[in-house]
Amino acid sequence: MFQDLRLGLRMLVKSPAFTAIVVATLALGIGANVALFSLVNGVLLNPLPFPEPDQLVSLDQSKPNFETGAIPYPNFRDWQKENRTFSAMAISRATGFTLISSGDAERVSARWISADFFSVLGVKPELGRSFLPGEDEIGADPVALISEDLWQRKFASAISVLQKSISLDDRSYSIVGVIPGSFRLFRNVDVYVPIGQWGNAGLRNRGAALGLHGIGRLKPGVTIEQAQADLSGIMNRLAAAYPDTNRNNGAKVSSLKARMIGGIGSTLWLLLGAVGFVLLIACVNVSNLLMARSIGRTREFAIRAALGAGKWRLLRQSLTESVLLALAGGGLGLVVASWATNAALSVLPTTLPRASEVKLDVRVLIFTVAVSLLTGILAGLAPALKTSRWHLSETLKEGGRGTSRARGRMQGVFVAVEIALALVLLAGAGLMIRSLSALWKVDPGFRPDHVSTFGLNPSPSLRTNRPEAIRTALRDLSDKIASTPGVEAASLSAGAVPLQGEDDLFFWVDGQPKPSSQSEMHMALVYRVEPGYLRALGIPLKRGRFFTNQDDERSQPVVVIDEVFARKYFGDSDPVGKRIDQDGQDPQRIIGVVGHVKQWSLDGDEDQTLQSQLYEPFRQFPDDAMSGTAGGMGVVMRSNGLAPFEAIRRAVQSQNKQNVISRPQTMNEVIAGTLATRRFSMILLDAFAAIALLLASLGLYGVISYLVGQRTYELGIRLALGAQRGDVLRLVLSHGMKMALGGVALGLVAALGLTRLMSKMLYGVSATDPITFAVIVVILIGVALLACFVPARRATKVDPLVALRYE
């Protein structure tokens with residue numbers, strides 16, 4: 001083996017150009033596979049970075065037609081007390097605060113959590129302690145945990161931070177600990193506050209879920225199925241005890257890892273299979289190169305055989321050289337993978353789970369070595385077998401010419417396989433491009449061009465004012481935004497936001513019997529907006545009218561519904577003038593019907609159970625809700641050019657310096673965010689297809705060039721006997737195109753079957769779309785024709801005298 005390695009290295013060093021081409025080809029194939037495997041490894045294969053991660057589960061409350069939903073806080077407390085399968089449970093909810101420091105105000109991301117949240121996960125603070133039992137009770141002293149990033153940014157990583165406090169929404173919280181930056185269950189959270197500090201009266205209401213979701217740690221040996229049965233039993237008891245709010249509701253227990261990964265898993269596995277095709281093409285390409293190179297070494301191997309080398313010895317020497325090439329390609333492929341992984345992370349959807357855990361770790365290195373060895377064996381096997389089967393006497397007598405035709409056939413088969421694999425990848429990429437193009441053309445129910453959204457958080461001191469003063473201040477802020485130069489229409493907004501966040505309410509149609517429990521009421525998505533909302537988003541008014549400034553707290557309660565709501569609950573009758581009822585409110589009169597807005601996604605909105613939409617006037621918020629509303633809301637605006645965010649910031653801060661606007665983005669960016677996973681898949685498939693097309697065309701070019709070189713004597717005779725150069729051109733082109741068309745036919749059969757695996761990733765186009773396949777075939781044939789034309793044209797310039805004299 002040492003002799004084989006030493007000789008192999010010598011032979012590769014003697015052919016630097018050949019070695020460089022092969023190593024570069026393998027580096028592309030291996031590097032692409034390693035890069036994608038690092039994504040699969042970080043997102044899917046690695047366990048969650050917590051102690052005993054398999055014991056961690058996600059907890060939700062289910063409703064009729066909804067498998068997962070938020071958990072009312074009183075129900076969660078009962079789950080904690082009555083369960084027998086969990087060692088601990090915790091709950092959390094996303095929120096935000098206005099952080100006031102040195103007179104300046106900024107918006108920070110935060111979460112309400114129960115006291116044992118971090119102990120459930122097994123996360124210990126970087127500094128200080130976590131919350132103690134009882135600190136999450138309503139009325140407890142205000143304490144907070146901060147992130148390591150905020151600790152560095154605001155406190156310069158000072159140990160004395162534990163003796164300091166932080167001002168959140170104009171309230172002082174004592175800092176008791178710092179959460180390490182390695183904690184990545186949530187994205188970019190700055191502050192954690194005990195849920196008991198949330199002054200929301202709904203915490204005591206079993207009918208108010210308030211966006212709370214739970215996590216739990218199973219007892220050792222307990223399965224998810226056992227925990228599911230345990231919580232289902234508790235919910236049955238709660239339904240009997242509190243039928244008004246819990247009838248027909250249930251619990252949902254699922255793996256925390258599976259919940260975090262969501263639907264991205266199938267996409268990554270599919271992409272890993274696709275990139276495997278690139279590696280196969282690289283293997284075939286290298287096999288062709290090794291086959292061509294072996295022809296120049298025909299006499300060398302014949303002499304070795306004459307001196308006593310057996311077939312196994314020759315086979316081993318050939319495989320040793322191909323494995324050395326593959327290992328060199330794998331080493332360079334790691335560099336390619338590192339670059340490609342960073343590039344992929346830059347285009348990953350921001351919501352991709354566990355993106356921060358993607359790296360080139362030991363498992364990735366083992367994968368690289370294994371793939372390199374397998375690639376070396378696969379790429380070198382066919383040339384090595386050919387080498388070991390040459391006939392000694394014929395080779396020494398004829399210099400190996402007699403076997404060239406058989407080797408040419410083998411190389412032709414390899415080229416056809418390359419083209420077939422490239423066609424499969426090109427078909428997948430083409431389908432993804434067409435799918436994404438179709439999605440961009442979907443009507444979302446509004447006109448997104450020149451529409452922007454941002455968060456508006458008035459000064460925390462506003463919350464302490466009387467409801468009348470809060471209303472006046474909010475109207476003033478709305479007027480300042482609407483009158484900013486460049487703004488055509490604007491509206492304050494609460495509740496649901498198209499394609500971003502949802503909020504719902506329970507109701508029944510006035511005149512019908514009131515349902516006996518909340519779970520038997522109708523549900524609708526609710527948008528609480530101002531009169532300018534319809535113009536700002538460009539939603540069409542179908543019937544009646546929209547809100548005006550007169551629809552305020554002193555006027556009759558009114559609502560506007562969408563056409564899905566109207567069709568579902570009123571059929572063909574005109575809903576304008578009819579009324580709906582909500583618990584604890586006066587009946588609301590329907591004054592208009594507007595077009596339906598896609599709330600959930602561009603491609604799956606019709607599949608959702610909850611589609612009915614209802615609009616309430618922002619100015620008819622009841623007095624007891626004004627303090628909570630003043631804590632923060634959204635703004636939707638239409639501008640006549642670039643969104644004037646800085647001008648709006650100055651305008652709202654002219655009322656109060658502590659007014660903050662946050663998270664500005666355009667609606668086109670929002671739509672792009674919903675398509676991020678598809679876009680990521682498309683970019684990767686396009687990259688794989690481009691590499692495959694390049695390798696396949698280079699393979700075809702190499703084989704035709706080799707055959708032209710082998711047939712120089714034949715071509716010279718043809719030209720000497722009167723053949724025209726056009727005849728030679730057609731001869732060479734026809735030979736190359738036979739290989740290409742054979743590969744296209746084989747690829748079409750494979751693609752028609754394999755593209756069905758990605759049918760769930762497509763929209764507006766079938767997995768066997770004839771237009772896509774036709775375009776791909778034309779592109780592939782065109783590239784193949786170009787790859788054949790260059791050596792074919794060179795063949796027409798063969799000088800008969802030179803060819804005959806050389807031979």
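The values are calculated or read from the model by the stated rules, or taken from the named source; none is laboratory data. This is a predicted model, so every value here is computed, not measured. Counting neighbours? That spans all protein chains shown, and the Cβs are built from the backbone with ideal geometry, glycine included. Areas reflect the complete protein model, heavy atoms only, side chains present, ligands, DNA and RNA absent. Shrake-Rupley method; radii C 1.70, N 1.55, O 1.52, S 1.80 Å.
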**OP:** Please work out which one of (1) under 38 Å from the mean Cα position of the chain (by Cα); (2) open to solvent by 10 Å² or more (accessible area, probe 1.4 Å); (3) over 25 Å from Thr95 (Cα atoms) is the condition Ser639 fails and give its number.
**Re:** (2)
Subject >> Selection from segment 125-151 of residues that are more than 30 Å from the chain's Cα centre (by Cα), open to solvent by 40 Å² or more (accessible area, probe 1.4 Å) and either over 19 Å from Gly216 (Cβ atoms) or without any contact (Cβ under 8 Å) to a residue 12 or more places away in the chain (or both) >> reply: Glu126, Gly128, Arg129, Leu132, Glu137, Ile138, Gly139, Asp141
Original post:
Which residue, of Ala751, Ala740, Ala745, Ala723, is surrounded by fewer than 19 Cβ atoms within 10 Å (Cβ to Cβ) and under 26 Å from Ala274 (Cα atoms)?
Top reply: Ala745
Original post:
Could you give every pair whose Cβ atoms fall below 6 Å, whose first residue belongs to segment 610-631 and is open to solvent by less than 20 Å² (accessible area, probe 1.4 Å), and whose second residue is part of a strand (DSSP E or B) and among the acidic types (Asp, Glu), counting only separations of at least 6 or pairs across chains?
Top reply: Gln613/Asp562
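Rundown of residues vs (1) out of contact with any Ser or Thr (no Cβ under 7 Å at 6 or more places or on another chain); (2) assigned to a loop (DSSP other than H, G, I, E, B); (3) not acidic (Asp, Glu), yes/no style:
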{"position": "Gln585", "(1), (2), (3)": "yes, yes, yes"}
{"position": "Arg589", "(1), (2), (3)": "yes, no, yes"}
{"position": "Gly592", "(1), (2), (3)": "yes, no, yes"}
{"position": "Leu602", "(1), (2), (3)": "no, yes, yes"}
{"position": "Gln611", "(1), (2), (3)": "yes, yes, yes"}
{"position": "Ala625", "(1), (2), (3)": "yes, no, yes"}
{"position": "Gly628", "(1), (2), (3)": "yes, no, yes"}
Original post:
Could you count how many residues in segment 453-472 are surrounded by 15 or more Cβ atoms within 10 Å (Cβ to Cβ) and outside any loop (DSSP other than H, G, I, E, B)?
Top reply: 11
**OP:** Take segment 642-667 and flag every residue that is crowded, with 21+ Cβ neighbours inside 10 Å, within 30 Å of the chain's Cα centre (by Cα) and among the β-branched types (Val, Ile, Thr).
**Re:** none
Original post:
For residues in segment 762-788 being touching a residue at least 12 places away in the same chain (Cβ under 8 Å) and assigned to a loop (DSSP other than H, G, I, E, B), which is surrounded by the most Cβ atoms within 10 Å (Cβ to Cβ)?
Top reply: Leu762
Subject >> Residue list for segment 473-497, filter: polar (S, T, N, Q) and open to solvent by 60 Å² or more (accessible area, probe 1.4 Å) >> reply: Ser483
**OP:** Determine which single condition Thr320 fails, assuming it passes every other condition in (1) in contact (Cβ under 8 Å) with a residue 40 or more places away in the chain; (2) farther than 27 Å from Arg111 by Cβ; (3) open to solvent by 20 Å² or more (accessible area, probe 1.4 Å); (4) in contact with a helix residue (DSSP H, G or I) (Cβ under 6 Å, 6 or more places away or on another chain).
**Re:** (3)
Subject >> Residues that are buried (at least 22 other Cβ atoms within 10 Å of the Cβ) and either of a type in the set (Lys, Arg) or in contact with a helix residue (DSSP H, G or I) (Cβ under 7 Å, 6 or more places away or on another chain) (or both), drawn from segment 179-190 >> reply: Ile179, Asp190
Original post:
When residues of segment 498-528 are filtered for being under 30 Å from the mean Cα position of the chain (by Cα), closer than 30 Å to Ser461 by Cβ and open to solvent by 40 Å² or more (accessible area, probe 1.4 Å), how many remain?
Top reply: 2
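So that you can scan it fast, the table gives a plain yes or no per residue for (1) of a type in the set (S, T, N, Q); (2) modelled with pLDDT of 90 or more; (3) assigned to a helix (DSSP H, G or I):
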residue	(1), (2), (3)
Ala416	no, no, yes
Met432	no, yes, yes
Asp443	no, yes, no
Phe446	no, yes, no
**OP:** Check off (1) over 28 Å from Thr95 (Cα atoms); (2) not in a strand (DSSP E or B) for Arg543 and give me the number that stays unchecked.
**Re:** (2)
Original post:
Only one of these conditions is not met by Leu757: (1) touching a residue at least 12 places away in the same chain (Cβ under 8 Å); (2) more than 22 Å from Ile281 (Cα to Cα). Which number is it?
Top reply: (2)
Subject >> Residues located in segment 443-452, provided they are within 20 Å of Asn640 (Cα to Cα) and open to solvent by 60 Å² or more (accessible area, probe 1.4 Å) >> reply: Arg447, Asp449, His450
**OP:** Being buried (at least 17 other Cβ atoms within 10 Å of the Cβ) and at pLDDT below 85 narrows it down to one of Ala239, Ala208, Ala227, so name that one.
**Re:** Ala208
**OP:** Determine the pairs where a residue that is closer than 20 Å to Tyr706 by Cα and open to solvent by 50 Å² or more (accessible area, probe 1.4 Å), located within segment 9-27, has a partner that is at pLDDT below 80 and assigned to a helix (DSSP H, G or I) with Cβ atoms under 7 Å apart, the partner being 6 or more residues away or on another chain.
**Re:** Ile21/Leu289
**OP:** Give the residues of segment 156-197 that are modelled with pLDDT under 90 and of a type in the set (A, V, I, L, M, F, W, C), sorted by residue number.
**Re:** Leu185, Phe186
Original post:
Take the residues of segment 152-178 that are in a strand (DSSP E or B) and in contact (Cβ under 8 Å) with a residue 40 or more places away in the chain: which is most open to solvent (accessible area, probe 1.4 Å)?
Top reply: Arg171
Subject >> Members of segment 620-645 that are under 24 Å from Gly486 (Cα atoms) and not small (Gly, Ala, Ser) >> reply: Met633, Val635, Val636, Met637, Arg638, Asn640, Leu642, Pro644, Phe645
Subject >> Residues (open to solvent by 10 Å² or more (accessible area, probe 1.4 Å), aliphatic (A, V, I, L, M) and either over 32 Å from the mean Cα position of the chain (by Cα) or within 30 Å of His522 (Cα to Cα) (or both)) located in segment 65-104 >> reply: Ala70, Ala94, Ile100
Subject >> Pair list, Cβ under 6 Å, 6 or more apart: segment 563-586 residue without any contact (Cβ under 8 Å) to a residue 60 or more places away in the chain, other residue crowded, with 18+ Cβ neighbours inside 10 Å and part of a loop (DSSP other than H, G, I, E, B) >> reply: Glu563/His596; Val564/His596; Val564/Gln611; Val564/Ser612; Phe565/Ser612; Ala566/Pro575; Lys568/Ser612; Asp586/Pro557
Original post:
When segment 673-703 is examined, which residues are found to be under 21 Å from the mean Cα position of the chain (by Cα), among the hydroxyl-bearing types (Ser, Thr, Tyr) and open to solvent by 10 Å² or more (accessible area, probe 1.4 Å)?
Top reply: Thr674, Thr677
**OP:** Tell me, please, whether a residue that is over 27 Å from the mean Cα position of the chain (by Cα) and crowded, with 18+ Cβ neighbours inside 10 Å can be found in segment 49-64.
**Re:** yes
Original post:
Looking at Leu48, is it under 23 Å from Phe367 (Cα atoms) and outside any helix (DSSP H, G or I)?
Top reply: yes
**OP:** Please determine, by comparing only the residues of segment 511-540 that are part of a helix (DSSP H, G or I) and at pLDDT below 90, which one is nearest to Asp479 (Cα to Cα).
**Re:** Gln518
